[in-house]
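The values are calculated or read from the model by the stated rules, or taken from the named source; none is laboratory data. What you are looking at is a predicted structure, and each value in this text was computed from that prediction instead of being measured. Cβ placement follows ideal geometry from the backbone for every residue including glycine, while neighbour counts extend to all protein chains displayed.
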Amino acid sequence: MTLVRRALAIARKDLLAEWRDRESFTAMVFFAFLILFLYSFAFGGDQALIRAASSGLLWLALIFTSVLGLARSVQWELENECLDGLLLYPAQREAIYLGKLLGNLAVILLVELVIFPLFAVLYNVDLWSQLPKLLLIALPGTVGLAAVGTLLSSMTAGLRAREAMLPFLLFPLTIPLILAVVRGTEVVLRGEPFDLAVPWLKLMGAFDVVFVTASLLTFEYLVEE
Amino acid sequence: MSERSVERALGLLAAVGLAIGLCAGFLYAPPDAEQGEVQRIMYLHVPLILVSYLAFFVVFVASILYLARRRERHDAIAHSSAEIGVLFTALAIAAGSIWGRPTWGTWWTWDARLTSTAILLLIFVGYLMLRALVDDPSRGATVCAVLGIIGFLDIPIIHMSVVWWRTLHQPASMLRPGPPTVAPQMQVALYANLAAFALLYAYLLLKRVRLEQARWELSRLRMEVAG
C-alpha cells in the first residue's frame, strides 16, 4: 500500500508545518467563534429563535471557516516552488491529492472539536449526551467538504482573486452536503429518532464517494503543468 | 458543406422555427383551462430549461474529451456551451418567475426544482468567472474542464437533496411515463418551441466556437508578428 503510505507522509508533513506555526488552526477557531458570537446579535437575543436555527448557524460558521484553511493548504505549496518539489516526489499524483485531503480533513475536524463545546456553551445546547451521534454526522460532512475544497483550492491557487473565487465555487457545489449535515445535526440536537438522519447520512456517503473519486481522476491534470 | 454554410442554415432554421413556435404558442394552442393566457409562458420556460440541461451535458462531455485529448476545439465547445447554458438558465428562471407570480402568487419560492436550478446556475456562473480569471488559456481550459465535470456530477445529488428538503413544483408533465395530461395542441406547440430552441442553441454554439477559434488565431498571429 505505497499509495496510502505516501499520502500519509504528505499529510504528516502538512500537519507538522501546521503544528509549528498553528497559523491556520488559530485563525479558523477564532473566526468560527467570532461568527457564532455575532449570530446572537443578528437574532436580537431571541433565545428560542437562536435555538431553532442553531444547527444551521453552527455549520455555516464551520463552512465559512473551512475556506481559510483550504485556501492556504495549496497556496503555500506555490511559494518557493514547493509544488514542483512535491511533483518530483516518486508517487502517483493521487497520493498528493489524498495527502492534502487528509491534512485538510484533520485540521477542519480539530477545529470542529474545539468549536462544538464553545457552541454548546454559547447557545446553551446539551451536547455531551449526543456527542457520539453528532460526530457520526459531522465526519462524512467534513470529508465531503475537505474533498471538494482540496480539489478547488488546487484550481484557484495562484489566481488573482483566489480568496473570493474559492468560496464562489465551493459553496454552491457543497449545498447538498450543507443541507444533509444541517438536517442530521438538527435530528441529533433535538433528540429526534436517529432513523430520520439515516437518509442524510447516505446522501453524504454518496457525495463523498462521487467527489473523492472524481477528484482522484482529475487531480493529475490540475498539477501536471 | 462548409462550416460557414452549416452555420447559416442553422441560423435560418432557428429563426423560422422560433417564428413557428411563436405562432404555435400564441395562436394554435388553446389557453389553459385553469391558468388562462399566462400559461403560454410554458412554451418559453420549458424549452429554455430543457435546452440548458442539454448545454450543461455538452459542457460535461466536451470537458472529458478536452482532458483526454487536449484539443483546443473541445475546450471552445465546453466554454461556449457553458455561456449559452447560463444565459438560457437565467432566462428560464426569469420566465418561470413571471409565470409563478400570477399562478403561485409569488416571484420566488424555495421549491425543489426551482432551488436546484438556481444552484446549477450559480455553479456555472462560477465556471465562467473562473475562466475569466485565469490568464493562461491552457491552464484555464484544464481548470474549467475539471469544474465542468464535477459541476455536472453534482446535479443529481443536488436534485435529490433539495427534493428531500421540500417540494411544491407541479410534476414534470411531458417527460414522465404514462399517457400525457396535456392537450395535443399544447404538446405540438411545446415540441415546436423545444425544437426551435434546440436549433437556436446549435446555431449560437457554432457561432461562439468559431469566434473563440478566431481569437486563438489572432493571438497566434500576434505572437508571430511580435516574434
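Computed quantities for the displayed model
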{"read-out": "Unique residue being within 14 Å of chain B (Cβ to nearest Cβ), at pLDDT below 85, assigned to a helix (DSSP H, G or I) and surrounded by fewer than 21 Cβ atoms within 10 Å (Cβ to Cβ) when the list is A:Leu87, A:Leu78", "value": "A:Leu78"}
{"read-out": "Residue in the stretch B:99-117 that is within 24 Å of A:Thr174 (Cβ to Cβ), in a helix (DSSP H, G or I) and facing chain A (nearest Cβ under 10 Å) present", "value": "yes"}
{"read-out": "Out of B:Arg139, B:Arg70, sole residue that is loosely packed, with under 15 Cβ neighbours inside 10 Å and within 12 Å of chain A (Cβ to nearest Cβ)", "value": "B:Arg70"}
{"read-out": "Residue under evaluation A:Ala206, criteria (1) in contact (Cβ under 8 Å) with a residue 60 or more places away in the chain; (2) surrounded by fewer than 21 Cβ atoms within 10 Å (Cβ to Cβ); (3) within 12 Å of another protein chain (Cβ to nearest Cβ), criterion not met", "value": "(1)"}
{"read-out": "Close pairs (9 angstrom Cβ cut-off, 6 or more residues apart or separate chains): farther than 21 Å from B:Ile150 by Cα in the stretch A:174-200, outside any helix (DSSP H, G or I) anywhere", "value": "A:Glu186/A:Glu192; A:Val187/A:Pro193; A:Leu189/A:Val125; A:Leu189/A:Asp126; A:Leu189/A:Leu127; A:Gly191/A:Asp126"}
{"read-out": "Residue satisfying condition, being among the hydrophobic types (A, V, I, L, M, F, W, C), without any contact (Cβ under 8 Å) to a residue 60 or more places away in the chain and outside any loop (DSSP other than H, G, I, E, B), within set B:Leu65, B:Leu50, B:Leu13", "value": "B:Leu65"}
{"read-out": "Only listed residue being surrounded by 15 or more Cβ atoms within 10 Å (Cβ to Cβ), within 21 Å of the chain's Cα centre (by Cα) and either among the hydroxyl-bearing types (Ser, Thr, Tyr) or in a helix (DSSP H, G or I) (or both), chosen from A:Ile63, A:Ile50", "value": "A:Ile63"}
{"read-out": "Meets criteria (small (Gly, Ala, Ser), in contact with a Phe, Trp or Tyr (Cβ under 7 Å, 6 or more places away or on another chain) and buried (at least 16 other Cβ atoms within 10 Å of the Cβ)) for B:Ala24", "value": "no"}
{"read-out": "Condition met for A:Leu217 (hydrophobic (A, V, I, L, M, F, W, C) and either at positive phi or buried (at least 20 other Cβ atoms within 10 Å of the Cβ) (or both))", "value": "no"}
{"read-out": "Residue that is farthest from the other protein chains (Cβ to nearest Cβ) [pool: residues in the stretch A:154-168 that are over 15 Å from B:Thr142 (Cβ atoms) and either in a loop (DSSP other than H, G, I, E, B) or touching a residue at least 12 places away in the same chain (Cβ under 8 Å) (or both)]", "value": "A:Glu163"}
{"read-out": "Where a residue in the stretch A:44-69 is closer than 12 Å to A:Glu112 by Cβ and its partner, wherever it lies, is aromatic (Phe, Trp, Tyr), with Cβ under 6 Å and at least six apart", "value": "A:Leu58/A:Phe119; A:Thr65/A:Phe31"}
{"read-out": "Qualifying residue in the stretch B:33-41 (condition: in contact with a strand residue (DSSP E or B) (Cβ under 7 Å, 6 or more places away or on another chain), assigned to a helix (DSSP H, G or I) and crowded, with 16+ Cβ neighbours inside 10 Å)", "value": "yes"}
{"read-out": "Filtered residue count, the stretch A:137-153, keeping only those that are more than 17 Å from A:Leu222 (Cα to Cα), within 12 Å of another protein chain (Cβ to nearest Cβ) and either surrounded by fewer than 24 Cβ atoms within 10 Å (Cβ to Cβ) or among the hydroxyl-bearing types (Ser, Thr, Tyr) (or both)", "value": "0"}
{"read-out": "Only listed residue being at pLDDT 90 or above, of a type outside the set (Lys, Arg) and in contact with a Leu (Cβ under 6 Å, 6 or more places away or on another chain), chosen from B:Leu67, B:Leu48, B:Leu54", "value": "B:Leu48"}
{"read-out": "Any hit, the stretch B:80-96, residues being assigned to a helix (DSSP H, G or I) and touching a Gly at 6+ places or on another chain (Cβ under 6 Å)", "value": "no"}
